[in-house]
1. For segment B:2-10, just list the computed ³J(HN,Hα) in residue order, Karplus coefficients 6.51, -1.76 and 1.60, θ = phi - 60°, integers in Hz, with x standing in for Gly and Pro.
2. All other residues with a Cβ under 15 Å from the Cβ of B:Ser33 taken together, and with Lys, Arg as +1 and Asp, Glu as -1, what is their net charge?
3. Can you compute 3J(HN,Hα) from phi for each residue in segment A:27-32, using the Karplus curve 6.51 cos²θ - 1.76 cosθ + 1.60 with θ = phi - 60°, rounded to whole Hz and x for Gly and Pro?
4. Find out how many positive minus negative residues lie around A:Gly29, taking Lys and Arg as positive, Asp and Glu as negative, among other residues whose Cβ is under 13 Å from that of A:Gly29.
5. When the convex hull of the Cα atoms of the protein assembly as shown is projected onto a plane and the area is averaged over all directions, what value comes out in nm²?
6. Largest first and in whole Å, give the semi-axes of chain B's equivalent ellipsoid, each being the square root of 5 times a Cα gyration tensor eigenvalue.
7. What average count of beta carbons from other chains do you get within 10 Å of the Cβ of residues in A:35-43?
8. Local charge sum around B:Ser93 (other residues, Cβ-Cβ under 12 Å, Lys/Arg +1, Asp/Glu -1)?
Amino acid sequence: QKEVEQNSGPLSVPEGAIASLNCTYSDRGSQSFFWYRQYSGKSPELIMSIYSNGDKEDGRFTAQLNKASQYVSLLIRDSQPSDSATYLCAVKAYGNKLVFGAGTILRVKS
Amino acid sequence: KAGVTQTPRYLIKTRGQQVTLSCSPISGHRSVSWYQQTPGQGLQFLFEYFSETQRNKGNFPGRFSGRQFSNSRSEMNVSTLELGDSALYLCASRADISETQYFGPGTRLLVL
């Protein structure tokens with residue numbers, strides 16, 4: 001079992017819709033979770049971090065964390081073509097090592 | 001505040017050679033981590049340096065090494081390059097009081 005799992009996609013949504021990206025992790029002791037966005041040929045860019053159960057909102061983005069289910073999600077409201085990218089879920093392991101999922105490719109169609 | 005910078009941005013080497021990559025963290029950040037990204041394996045942790053000390057190391061062979069200088073700039077070295085070392089090498093820096101890592105633009109290494 002991989003430590004961090006994401007559906008590779010691609011996830012296709014129409015412009016203006018809500019995109020829902022999901023991630024599960026195996027280490028029940030994990031406390032810190034991050035979503036990064038990576039455009040093709042570029043480096044990962046931080047979108048959000050989340051540490052507590054529940055929802056955390058930042059503009060059009062909402063991260064959701066459920067530690068009991070070992071599940072993290074990212075919702076993107078009013079999706080735009082510029083949101084088309086690979087979304088990486090990362091979980092902080094011991095020390096400050098980040099363990100990444102394989103990423104979900106999101107395509108927003110205009 | 002300037003972001004993380006990495007040099008060079010692109011590099012072509014041949015098998016058996018060695019390579020040194022450089023990373024300058026965000027001003028004030030003392031933690032620097034290195035990651036390798038490949039299409040097959042995704043993003044994988046190489047090592048972390050803090051105040052010139054390696055704090056954590058990933059599951060990579062000894063050909064991969066690094067160091068950090070007193071100004072927090074870091075270098076990583078790969079010796080005896082193999083074709084499989086072709087990858088995007090990413091450096092990330094972190095502030096002392098934060099768990100958030102910010103990535104540089106990366107160095108794309110091609111081994112022929």
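Read the figures in this text as sums done on the coordinates, not as results from a lab. On a predicted model such as this, the values are computed, not experimentally measured, just so you know. Cβ atoms come from the backbone with ideal geometry, glycine included; neighbour counts cover every protein chain shown.
1. 3J(HN,Hα) across segment B:2-10, in whole Hz: 5, x, 6, 10, 9, 9, x, 7, 9.
2. Around B:Ser33, the charge tally is +3.
3. Taking θ as phi minus 60°, the curve returns 7, 5, x, 5, 10, 10 Hz for segment A:27-32.
4. Net of charged neighbours comes to +1.
5. Averaged projected area of the protein assembly as shown's Cα convex hull equals 12.4 nm².
6. 23, 14, 13
7. If you average over the peptide's residues, the count of other-chain Cβ atoms is 3.
8. +2
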